[in-house]
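Report on the structure given below.
The values are calculated or read from the model by the stated rules, or taken from the named source; none is laboratory data. Keep in mind that what you see is a predicted model, and the values were worked out from it rather than measured. Using ideal geometry, Cβ is built from the backbone for each residue, glycine included, and neighbour counts are taken over all protein chains shown.
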Amino acid sequence: MTVPTEDAGRGRLESQRDGAARPAMPVKVRRLAVTSVVLFWAVQLTLMLVVGLPLLDSVLLAVLLVAVPGLSVAQLPLIAGAPVERLPAYWSSIATLWLLGTACWFVGTREGGAAAIGLVSMPWLALTVWTGALVLGGLLTILVFRAVALWSGIEESPMVRRLLPRTHEERHAFGALSVAAGFGEEISYRGYALSVLVPVLGVPGAVLLTSGVFGVLHGYQGVLGIFRTGVMGGMLAWGFLASGSLWPPIIAHALIDLVAGLWLGERLLSPEPLLGVRGASAINPFER
């Protein structure tokens, strides 16, 4: 029989302490990660081998439709209740959005140019009218879901309020984030993904799929936010297809985020529940 030495015992104790300091990844997160990997390759291979899309398009679409939303959902249990550092969150999101948008711009325009992803000019009057209509529609969508929340008792995710800018520096960074979202998300999910999927799924199928994924991307806003952003994604897709240009959705998306985040803020969200009988759930930090 081998007798463990004092040093070996000390090493095991230190290893145990290190393990306690670094908690294992939650089972739910591991399952979501495994599911996302399997689904990613299933979608990529189906798009390439069955649908017949080029390798580059099949990989990029699988990233947009599976990898990015999968990562968004998998991180929810990790950020629940965690303190929010708004500036790092803003800048990391800005970098991700520009990276996705740039990748989709390069891949989507490699054959048909900018027109292939809807980046075509239009008369100023038409651009103004379409953009104004989409901004109005987006703000009305937020108000409708606010009313739904009040009627149904569904609470707004606390994460939404925690991410609203508070300081002067945060407001500037949030403005940059709004512009990045307008360009990055619209080029990725409307200009590129929608344009590639319409010949495959038809207009209704492509709009439903991309808008649903767009909603899941905003999972940190909770169930209410997923449906709200999904509906808004469908509205922006309609604006793109009906106007024939991606510029109205890009500008409208940025303006909606700016208005909702910098000026109207909490007035567009459902009221916070009062402490009392439902106090425990009201102060429980989240979810999205």
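Observations on the model:
- Among the residues of the range 182-234, those that are among the β-branched types (V, I, T) and more than 22 Å from V59 (Cα to Cα) comprise V223, I226, T229, V231.
- Count of the range 42-66 residues, restricted to those that are more than 27 Å from H218 (Cβ to Cβ) and among the small types (G, A, S), is 1.
- Hey, A176 within 22 Å of S72 (Cα to Cα), modelled with pLDDT of 95 or more and in the same structural domain as M232 (by TED's automatic domain parsing) or not: yes
- When residues of the range 64-111 are limited to those that are of a type in the set (S, T, Y) and more than 16 Å from T210 (Cα to Cα), the one farthest from the chain's Cα centre (by Cα): T109
- Residue that is surrounded by the fewest Cβ atoms within 10 Å (Cβ to Cβ), among those in the range 116-170 that are under 15 Å from E85 (Cα atoms) and in contact with a helix residue (DSSP H, G or I) (Cβ under 6 Å, 6 or more places away or on another chain): L164
- Filter pass, R228 being among the charged types (D, E, K, R) and closer than 28 Å to L150 by Cβ: yes
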